[in-house]
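Asks: Here it is, the structure, as structure tokens.
The values are calculated or read from the model by the stated rules, or taken from the named source; none is laboratory data. Every value quoted in this text rests on a predicted model; they were computed, and no experiment measured them. Using ideal geometry, Cβ is built from the backbone for each residue, glycine included, and neighbour counts are taken over all protein chains shown. Heads up: the accessible areas ignore ligands, DNA and RNA and are worked out on the full protein's heavy atoms, side chains in. Shrake-Rupley method; radii C 1.70, N 1.55, O 1.52, S 1.80 Å.
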2 protein chains.
Amino acid sequence: MLTVFSPDHALRDAKTELSGGELVAPYECPARVEYVLEQIRQVGLGDVIPPDVISLDPVLRVHDPLYIEFLRSCWSRWRAKGNRGEAIPSVIPARGMRQRVPQNINGTIGYYAMACETAITEGTWPAVQAGANVALTAQALISQGEAAAFALCRPPGHHAARDLYGGYCFINNVAVCAQAFLDQGAERVAVLDVDFHHGNGTQSIFYERPDVMFLSLHGDPQHAFPYFLGFADENGAGPGEGFNHNYPMAPSTAYDVWSDALQDACRKIEAYAPDVLAVSLGVDTFEGDPISFFRLTSDDFKRYGTLLASLKLPTLFVMEGGYAVQEIGVNTVNVLTGFASP
Amino acid sequence: MLTVFSPDHALRDAKTELSGGELVAPYECPARVEYVLEQIRQVGLGDVIPPDVISLDPVLRVHDPLYIEFLRSCWSRWRAKGNRGEAIPSVIPARGMRQRVPQNINGTIGYYAMACETAITEGTWPAVQAGANVALTAQALISQGEAAAFALCRPPGHHAARDLYGGYCFINNVAVCAQAFLDQGAERVAVLDVDFHHGNGTQSIFYERPDVMFLSLHGDPQHAFPYFLGFADENGAGPGEGFNHNYPMAPSTAYDVWSDALQDACRKIEAYAPDVLAVSLGVDTFEGDPISFFRLTSDDFKRYGTLLASLKLPTLFVMEGGYAVQEIGVNTVNVLTGFASP
């Protein structure tokens, strides 16, 4: 399996994350994907290739142009205003307030945020843009006939909505790829999100559409980020009704229960008969993850990789979360080798 | 003029405020009201009396009971979850997400926040409750026939909505008092908010009601907190249409322009003919305020106090913001002496 990777991910190197009322060193850090890359080379998964340079056009198919312009200009605007820390919102348009973009960057940033833990920094935009290119380059491989490809994106993307960033995400890489498949001729795309956290951004982007089925296995939002989306009763709306499937699961869920949900999701994917499968691959379901509460072992990742292969679909893997930095390489590559050599 | 004051305000003594991407010492600090108290005594404004102990019933007339329970229990729940810093949300229910309260306190706190700068701390709830008692005790003085009274509340209240805290505010003291006047027989109450920041909480609580007219002079929300409410086209809704008046003003606004707006507001109040006037008294319109951008001088505060006296209404002053700590005493008391000895 080919892997697409860009060293430009390292330009995203925030020093602060708002967590538990403190500014701590971010869990979403450059070392994450370096561990994955190392493991890919160690097991000989396949070649690692650089991304093509791609215009923003496919990104703008799922994101608001003003939001992308905000991401691009946020850091310089933030600094020009005299703010001394990394860019973190302190006021947001809450219930009953107006959803309009104020001129002051200290307000603008709150308008576009769905969470405040994620600091925007000097190198964030070039890293984010490189990440989208990584995703789209892997997507193009599938379009051109590869059976599978791995987009080793960083930062992740699945929490980013049409005009919201947060949860370490800015551009929704998997959503951009799903739309690109459709724009290149696919009729139906399934997006399966196995990250520990609900893929609220992806869900929201395709919620009213039948051409993308979204399925997410994740920690119950009563207890886990993003808290305000990902409940079992969210089934899609309008023409998209019936094409959204959430599997929220309780603290301490282990592979037996988790894989039952995955098998149910696979049955729904089979019935949907998509042209292609895109997997939001987060490995924070691991028992050792510092900010999650499932109990998957490293072997379990290989097992579910094999299970995904049984769908026999062209499959794009897009890197999302996973924060037990040492083990993220092994667990991610276990999914890919389980898939590639079932 | 009688002043009501409780030393319990000092129990609210947060160490951190999220500002410019950093955790800084809060601008809203205990010294603020101590300077005011000192100046009250220095000029001999009148007696300073303690608040009565009052039940939460009048507070629950304007706030959601679950919100009040959240304020009461937040700190212990936050600490029980292992969070090490003061209680600050890092995820909020943004556009397109669900407005429901998750069980995990790290989500609950985001549900009830309209801003993330305001940390909830161990002593916050008792101080907030004491502040409401201060406001209601002063309100009762007016109901019992006093011409004017000053509630030296801390923390402030005008940003707090029915179920939202933020901007240093938790219980909306002036809104609680306005409702109490109505519940005790008043037919119409005018709330005039002269704080630099728009009183978004007060506006939202009474937005669809004709029995409270809300008027606010403030920094244009395009450029100033709270950014997402306080625009000139917000005139009330339903039965409340025509009973909400905003005067957003540009950076560097000085007394000539500001007092024109105040005179317009006074004309509207006169036409409304309320039984009582409640003034949200913030003095962050001062030229030296560190987080605001108007240009009022200390003398201007006396001048507008006199202007308010010309309305000849029973008048309750409720302390809101003001962060140029040294001068907050002089400027606040200048309003009160300008009013009391025009």
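Asks: Exactly one condition in (1) touching a Pro at 6+ places or on another chain (Cβ under 9 Å); (2) open to solvent by 10 Å² or more (accessible area, probe 1.4 Å) is not met by B:MET319; state its number.
Replies: (2)
Asks: Restricting to segment A:1-24, name every residue that is aliphatic (A, V, I, L, M) and within 14 Å of chain B (Cβ to nearest Cβ).
Replies: A:ALA14, A:LEU18, A:LEU23, A:VAL24
Asks: Applying the selection to segment A:274-293, what residues are over 19 Å from A:GLN203 (Cβ atoms) and touching a residue at least 40 places away in the same chain (Cβ under 8 Å)?
Replies: A:ASP275, A:VAL283, A:PHE286, A:ASP289, A:PRO290, A:ILE291, A:PHE293, listed by residue number.
Asks: Sort out which residues of segment B:325-342 are open to solvent by 10 Å² or more (accessible area, probe 1.4 Å) and in contact (Cβ under 8 Å) with a residue 40 or more places away in the chain, and write them in order of number.
Replies: Hits for segment B:325-342 are B:VAL325, B:GLN326, B:GLU327, B:VAL330, B:THR337, B:PHE339, B:ALA340.
Asks: Just need a number here: residues in segment B:95-125 that are assigned to a strand (DSSP E or B) and under 26 Å from A:ILE205 (Cβ atoms).
Replies: Final tally of qualifying residues: 1.
Asks: Tally up the residues in segment A:270-306 that are open to solvent by less than 60 Å² (accessible area, probe 1.4 Å) and among the basic types (Lys, Arg), please.
Replies: Residues meeting the conditions: 0.
Asks: Working carefully through the options A:CYS169, A:CYS116, find the one that is out of contact with any helix residue (DSSP H, G or I) (no Cβ under 7 Å at 6 or more places or on another chain), within 14 Å of another protein chain (Cβ to nearest Cβ) and under 20 Å from A:LEU18 (Cβ atoms).
Replies: The conditions single out A:CYS116.
Asks: Do you know which residues across segment B:34-72 are open to solvent by 30 Å² or more (accessible area, probe 1.4 Å), in a helix (DSSP H, G or I) and among the hydroxyl-bearing types (Ser, Thr, Tyr)?
Replies: B:TYR35
Asks: Tally the residues that are farther than 23 Å from A:MET97 by Cβ and in a strand (DSSP E or B), restricting the search to segment B:151-189.
Replies: Residues flagged as farther than 23 Å from A:MET97 by Cβ and in a strand (DSSP E or B) within segment B:151-189 amount to 2.
Asks: Can you find a residue in segment B:311-318 that is β-branched (Val, Ile, Thr), closer than 23 Å to B:LEU141 by Cα and in contact with a Ser or Thr (Cβ under 8 Å, 6 or more places away or on another chain)?
Replies: yes
Asks: Okay, moving on. For the subset of segment A:292-315 comprising residues that are in contact with a Phe, Trp or Tyr (Cβ under 8 Å, 6 or more places away or on another chain) and among the aliphatic types (A, V, I, L, M), which member is farthest from A:PRO155 (Cα to Cα)?
Replies: Out of the qualifying residues, it is A:ALA309.
Asks: Sort through A:SER252, A:SER259, A:SER204 and tell me the only one that's in a helix (DSSP H, G or I) and open to solvent by 40 Å² or more (accessible area, probe 1.4 Å).
Replies: Residue meeting the stated conditions: A:SER204.
Asks: Shifting gears a bit: Looking at segment B:151-166, which of its residues are more than 17 Å from B:GLU320 (Cα to Cα) and either away from chain A (no Cβ under 14 Å) or at pLDDT below 95 (or both)?
Replies: Result: no residue meets the conditions.
Asks: Sticking with this structure for a sec: Run B:ILE54 past the list (1) farther than 30 Å from A:CYS116 by Cα; (2) more than 20 Å from the chain's Cα centre (by Cα) and report the number of the one that doesn't hold.
Replies: (2)
Asks: Looking at segment A:2-27 only, could you name the residues that are more than 18 Å from A:GLU86 (Cα to Cα), crowded, with 19+ Cβ neighbours inside 10 Å and among the hydrophobic types (A, V, I, L, M, F, W, C)?
Replies: A:VAL4, A:PHE5 - these are the residues of segment A:2-27 that are more than 18 Å from A:GLU86 (Cα to Cα), crowded, with 19+ Cβ neighbours inside 10 Å and among the hydrophobic types (A, V, I, L, M, F, W, C).
Asks: For segment B:76-91, indicate whether the set of residues that are under 23 Å from B:LEU23 (Cβ atoms) and in contact with a Pro (Cβ under 8 Å, 6 or more places away or on another chain) is non-empty.
Replies: There is at least one residue in segment B:76-91 that is under 23 Å from B:LEU23 (Cβ atoms) and in contact with a Pro (Cβ under 8 Å, 6 or more places away or on another chain).
Asks: What's the number of the condition B:ARG267 fails, among (1) part of a loop (DSSP other than H, G, I, E, B); (2) open to solvent by 10 Å² or more (accessible area, probe 1.4 Å)?
Replies: It is condition (1) that B:ARG267 fails.
Asks: Of the residues B:ALA190, B:ALA224, B:ALA180, B:ALA175, only one is in contact (Cβ under 8 Å) with a residue 60 or more places away in the chain, among the aliphatic types (A, V, I, L, M) and at the interface with chain A (Cβ under 10 Å from one of its Cβ atoms); which?
Replies: B:ALA224
Asks: Take the conditions away from chain B (no Cβ under 12 Å) and either open to solvent by 10 Å² or more (accessible area, probe 1.4 Å) or touching a Lys or Arg at 6+ places or on another chain (Cβ under 8 Å) (or both) and apply them to A:THR124. Does it pass?
Replies: yes
Asks: Restricting to segment A:75-86, count the residues that are surrounded by 14 or more Cβ atoms within 10 Å (Cβ to Cβ) and among the hydroxyl-bearing types (Ser, Thr, Tyr).
Replies: Residues flagged as surrounded by 14 or more Cβ atoms within 10 Å (Cβ to Cβ) and among the hydroxyl-bearing types (Ser, Thr, Tyr) within segment A:75-86 amount to 0.
Asks: Would you mind stating whether A:HIS218 is buried (at least 24 other Cβ atoms within 10 Å of the Cβ) and assigned to a strand (DSSP E or B)?
Replies: It is true that A:HIS218 is buried (at least 24 other Cβ atoms within 10 Å of the Cβ) and assigned to a strand (DSSP E or B).
Asks: Filter segment B:87-111 down to the residues that are open to solvent by less than 10 Å² (accessible area, probe 1.4 Å) and of a type outside the set (A, V, I, L, M), then identify the one that is farthest from the other protein chains (Cβ to nearest Cβ).
Replies: By that ranking, first place goes to B:THR108.
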